[in-house]
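Comments concern the structure below.
The values are calculated or read from the model by the stated rules, or taken from the named source; none is laboratory data. Remember, it's a predicted structure, so these values are computed and weren't measured experimentally. Every residue, glycine among them, receives a Cβ derived from its backbone with ideal geometry; neighbour counts consider all protein chains shown. Quick note on the areas: whole protein, heavy atoms, side chains included, nothing else; ligands and nucleic acids left out. Shrake-Rupley method; radii C 1.70, N 1.55, O 1.52, S 1.80 Å.
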Amino acid sequence: MTEQVALAQQGDRAAFGQLYDAVAPDLYRMALYTLGNPHDAEDVVSETFLEAFRGIAKLRETEAFRSWIFRILSFRCKRKVSQYILHRGEIDLDSYFETASEATQEDSTVRAELSEALGRLTVEEREIVLLSVLEGYTMREIALIMGLPQGTVSSKLHRTLKKLRGQLEH
């Protein structure tokens, strides 16, 4: 990926397209889980790539591309959540998980419980959990993405996972 980043920094649109193909599904999944709305998730991902395209030449470390673009996405998602709160007073979590038609009743129940538990988290807690559990980022990478100290991320993840376990056990 670092080769494509270096080429994209030199203005190679095809290389940027390859970067898009490589990270777009992960960005979309993160945006969807954060925002709970497919349309808004698509919009935020598009805005993220537009901003990344404009700013990629300024990226100092080519190997930091993934964390850099996730940091842009994180900022965009936080801005969208603020708009939700201003305009609707709450976040719509109904579309967090789409239940497949072949899913069992037990799968549907687990998904609903998980969706409800995630809905009780703050945006920051939800983002830390999703980056760690869903995307597999390390504490260091999450700290870079979110602009927080690594120790803060680690303790928030530990507390949040404990909170989730407690909610799901009841």
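Below are the figures for this structure:
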quantity: Sulfur and carbon atoms: percent of accessible area, segment 110-170 [1.4 Å]; calculated: 55 percent
quantity: Distance from segment 107-156 to segment 1-74 (C-alpha centre basis), Å; calculated: 20 Å
quantity: Accessible area of segment 1-82 divided out per residue, in Å², using a probe of 1.4 angstrom; calculated: 52 Å²
quantity: Positive minus negative residues near MET139 (Lys, Arg vs Asp, Glu; Cβ under 14 Å); calculated: 0
quantity: Set of segment 61-77 residues, backbone N closer than 20 Å to the point 7 Å along the Cα-Cβ line of GLN9; calculated: 61-73
quantity: GLU116 - accessible surface, heavy atoms, 1.4 Å probe, Å² rounded to 10; calculated: 110 Å²
quantity: In Hz, Karplus ³J(HN,Hα) per residue of segment 40-45 (6.51, -1.76, 1.60; θ = phi - 60°; x = Gly, Pro); calculated: 5, 4, 4, 4, 5, 5
quantity: Whole-number Å³ per residue for the convex hull built on Cα positions in segment 9-67; calculated: 79 Å³
quantity: Segment 1-60 - percent relative contact order, Cα under 8 Å, separation 6 or more; calculated: 35 percent
